[in-house]
Structures are given as structure tokens and as C-alpha cells.
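Below: the structure, in C-alpha cells.
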Amino acid sequence: MIKIVILVFVGGAVGAMLREFFMLIVPTPSRGFPLDILAANVVAAFLLGLIAGLHSRKVASDEVYALIGIGMTGGLSTFSSFAYGSSELMIRSATGAVVASAYVVISLVMGYIALIAGRKIYSIRQ
Amino acid sequence: MKPLDVMWVGLGGGLGSVLRWWVGRVVGERHHGDFPLGTFLINVSGTFLIGYLSVLFGVDWHDRYGHGMVLNAFVLTGVLGGYTTFSTMQLDAVKLSDKRRGGIATSYLLLSVAAGLLTGQIGAALARAQG
């Protein structure tokens with residue numbers, strides 16, 4: 001129990017710091033499209049797909065899954081910034097509403113595809 | 001952004017992630033339906049809090065980088081970012097699709113987003129109403 005708490009804590013800390021680096025490095029395009037959060041969320045979905053696939057085939061242990069699957073990818077991805085950022089864009093202007101709607105749809109579709117892609121990579125290599 | 005702010009983000013992200021794991025466990029022990037209620041409640045409550053606290057701290061959401069503001073780095077980017085999750089939401093949806101519950105997967109994603117859009121603004125409005 002205490003082992004899982006430590007693994008999730010360390011993984012979550014590393015993931016959140018990685019997200020902070022995404023926010024510093026990824027440029028924000030015009031019209032306020034949150035490209036940094038999109039990138040963090042899609043990369044996290046891919047990594048979670050990968051580690052969940054490895055864990056279900058018993059290649060990754062429960063400990064590795066707690067560290068990366070629960071901690072790191074959860075810390076790297078964020079729903080609160082995604083949803084609140086979208087709503088703030090939406091209420092600002094008509095253009096903002098269009099940009100925010102595109103952001104929501106692109107995030108959901110790309111995140112879903114990235115997760116499935118991450119999960120498939122291992123089985124392709126077999 | 002100073003190195004110290006990154007440390008605060010990491011500390012908050014670690015705490016938020018442990019809280020997410022714990023809430024998910026507690027909800028999972030009580031709820032046994034197909035709908036991923038744990039992640040849903042985590043994401044919606046986290047979005048309510050980020051709306052409320054952003055207004056309370058006077059942070060424009062574009063400007064989360066903080067300029068050395070510890071509360072912003074620790075609570076908003078760290079704790080709430082670590083607490084809420086986008087990747088697990090997608091994994092929940094993919095797992096539902098695996099079990100041929102595509103309808104529940106789609107409504108789960110759409111409901112999460114709709115509830116998130118709404119509760120973030122409700123949190124912000126509440127903080128404004130309190131002045």
C-alpha cells in the first residue's frame with residue numbers, strides 16, 4: 001500500500017513537471033489554441049496505451065504500472081486545464097467558441113487514437 | 001519560470017496523483033457499473049476547483065506560467081493537474097469499446113466534457129459572486 005503511494009507520487013511528480021516543460025516549450029498559436037495542453041494530453045494517452053498494453057501482457061509489473069500508468073501519465077495529462085481552458089475560450093468570443101470546439105474535438109479524437117496506437121505498438125513488434 | 005516553481009509543480013503533481021489514485025479506489029469499491037464513475041467525479045470536481053481557484057487567485061487561464069507565483073504552480077498546475085486526468089479517461093473509453101460498450105464510451109466522453117465545461121464556469125462564477 002505505502003509502496004503504491006510512493007510510486008504514484010513519484011510518477012505523478014515527474015509527469016506534472018514534464019507537462020510544465022510542455023507549457024514552456026510548445027508555442028501557443030494565435031487565437032489562443034492551447035497546443036501545449038493538447039500535446040501533453042496526446043503524448044500521455046499514447047504512453048498510457050503502451051504501458052497498459054505491456055501490463056495486460058504481464059510484461060510490465062504492477063509496480064511499473066503504478067509508477068507510469070497511474071502516476072506519470074496521469075500527472076502529464078490534465079482534464080482540469082483542458083475543460084476550464086475550453087470554457088474560458090468559448091465564452092470570450094464567437095471565434096473563441098469555434099477554436100475551443102475544434103480543440104475539444106481534436107483532443108478527444110487524437111487522444112483516443114494515440115491510446116490505441118500505443119497499445120498496438122507492442123503487439124506489432126511480436 | 002524559476003527552477004523552484006518546477007519543484008512546486010512536481011510536489012503538487014505528486015500529491016494530486018496520490019489523491020486521484022485514492023479517490024478512484026474509494027469510488028471503485030462502492031460503484032460496480034460500466035460507467036467509469038471514479039474518473040468522471042475526479043475530473044469534474046477538479047475542473048470546478050480550477051475555475052473557482054483561478055478567479056480567487058486572479059489568474060487568467062492563458063497566464064498559468066505564474067511569474068514566480070507559488071500558489072499557481074503548486075495548486076493549479078501541480079495538484080489539480082495531477083489530480084485530474086485526460087489519459088485515464090481515454091483508457092476508460094477504449095476499455096468500454098473493447099467490451100462492445102461503444103455507446104457508453106461515447107456518452108462518457110461527451111458527458112465528461114460537457115460537465116467539465118459547465119462546472120469550471122460554475123466554480124469561477126461562485127468565486128466572483130463571493131467577491
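Starting at the first residue of the range A:93-105, write each ³J(HN,Hα) from the Karplus equation 6.51 cos²θ - 1.76 cosθ + 1.60 with θ = phi - 60°, in whole Hz, x for Gly and Pro.
Using θ = phi - 60°, the values come out as 7, 5, 4, x, 5, 5, 4, 5, 4, 4, 4, 5, 5 Hz.
Mind checking the full-extension length gain between A:A117 and A:S56? Use 0.36 nm per residue of separation minus the Cα-Cα distance, one decimal, nm.
Details: separation 61, 0.36 × 61 = 21.96 nm, distance 1.53 nm.
Working it through step by step, the gained length comes to 20.4 nm.
Return the sequence-ordered ³J(HN,Hα) values of the range A:64-81 in whole Hz as given by the Karplus equation 6.51 cos²θ - 1.76 cosθ + 1.60 applied to θ = phi - 60°, using x for Gly and Pro.
Once rounded to whole Hz, the list reads 5, 5, 4, 5, 9, x, 8, x, 5, 5, x, x, 5, 7, 8, 9, 5, 5.
Just want to confirm a number: the relative contact order over chain B, from Cα pairs under 8 angstrom separated by 6+ residues, in percent. Mind showing how you got there, number by number?
Working: 169 pairs, mean separation 52.5, N = 131.
RCO, chain B: 40 percent.
Compute the acute angle (0 to 90°) between the alpha-carbon long axis of helix A:35-56 and the principal axis of greatest extent of the alpha-carbon atoms of chain A; round to the nearest 10°.
In chain A, helix A:35-56 runs at an angle near 20 degrees to the longest axis.
Through the Karplus equation 6.51 cos²θ - 1.76 cosθ + 1.60, θ set to phi - 60°, convert the phi angles of the range B:96-104 into ³J(HN,Hα) values in whole Hz; use x for Gly and Pro.
Along the range B:96-104, the couplings run 5, 5, 4, 8, 6, 10, x, x, 5 Hz.
Can you list residues from other chains, or at least 5 along the same chain, whose modelled amide H is less than 5 Å from the amide H of B:T84?
A:F79, A:S80
In what sequence, largest accessible area first, do A:I121, A:I91 appear using a 1.4 Å probe?
Working: A:I121 70, A:I91 110 Å².
Reading off the accessible areas and sorting them downward yields A:I91, A:I121.
In peptide B:74-81, what is the residue-averaged number of other protein chain Cβ atoms found within 10 Å of each Cβ? Present the calculation step by step, with values, prior to reporting the outcome.
Details: counts 0, 0, 4, 8, 7, 3, 6, 17.
Whole-number average of other-chain Cβ neighbours for B:74-81 is 6.
Binning every alpha carbon pair distance of chain B at 10 Å from zero, what are the percents per bin?
13, 37, 32, 15, 3
If you take the square roots of the eigenvalues of the alpha-carbon gyration tensor of the range A:5-126 and sort them as a ≥ b ≥ c, do you get rounded (a/c under 1.5), prolate (a/b over b/c) or oblate? If you can, show how the numbers build up before the last one.
Details: a/c = 2.80, a/b = 1.80, b/c = 1.56.
Verdict is prolate for the range A:5-126.
Can you give me the three principal axis dimensions of the protein assembly as shown from its C-alpha atoms, in Å, biggest first?
Each principal axis gives a Cα extent; for the protein assembly as shown these are 53, 39, 37 Å.
For a quick protection proxy, order the peptides A:10-16, B:111-117, A:39-45 by their average other-Cβ count within 10 Å, most packed first. Spell out each step's value before the answer.
Working: A:10-16: 28.1, B:111-117: 20.0, A:39-45: 25.6.
So the order, starting with the most tightly packed, is A:10-16, A:39-45, B:111-117.
For the residue pair B:A114 and A:S101, what label-to-label distance in nm results when each label sits 7 Å from Cα along the Cα-to-beta-carbon direction?
Each label point lies 7 Å from its Cα, and together they span 1.6 nm.
Between B:D34 and B:L126, 0.36 nm times their residue separation minus their Cα-Cα distance comes to what?
29.9 nm
Need one number: convex hull volume per residue for the range A:44-100, Cα atoms only, in Å³. Don't skip to the end; give the middle numbers.
Numbers: hull volume 3.8 nm³, N = 57.
Output value, Cα hull per residue: 66 Å³.
Roughly how crowded by other chains is peptide A:17-29, in terms of the mean Cβ count from those chains within 10 Å of each of its Cβ atoms? Kindly include the intermediate steps, with their values, before the conclusion.
Details: counts 11, 3, 6, 14, 3, 0, 7, 3, 0, 0, 0, 1, 0.
Across A:17-29, the average partner-chain Cβ count within 10 Å equals 4.
Note down the relative contact order for the range A:2-125 as a percent, whole number, built from C-alpha pairs under 8 angstrom at least six residues apart.
Working: 180 pairs, mean separation 47.5, N = 124.
After rounding, I find 38 percent.
Trypsin sites (Lys or Arg not before Pro), restricted to the range A:20-58: which are DSSP loop and have at most 13 other Cβ atoms within 10 Å?
Details: sites: A:R31, A:R57, A:K58; in loops: A:R57, A:K58.
Listed in order of number, the matching sites are A:R57, A:K58.
Hey, rough spin-label estimate for A:E63 and B:R100, points 7 angstrom out along Cα→Cβ, what's it come to in nanometres?
Computed distance between label sites A:E63 and B:R100 equals 4.0 nm.
If you count, for every residue in A:5-11, the Cβ atoms of partner chains within 10 Å of its Cβ, what is the mean? All intermediate terms of the calculation are to be shown ahead of the outcome.
Working: counts 5, 2, 3, 8, 10, 3, 6.
Across A:5-11, the average partner-chain Cβ count within 10 Å equals 5.
The values are calculated or read from the model by the stated rules, or taken from the named source; none is laboratory data. All of these numbers come straight from a predicted model, not from anything done at the bench. Using ideal geometry, Cβ is built from the backbone for each residue, glycine included, and neighbour counts are taken over all protein chains shown. When the accessible area is computed, the model is the full protein with side chains, heavy atoms only, and any ligands, DNA or RNA have been set aside. Shrake-Rupley method; radii C 1.70, N 1.55, O 1.52, S 1.80 Å.
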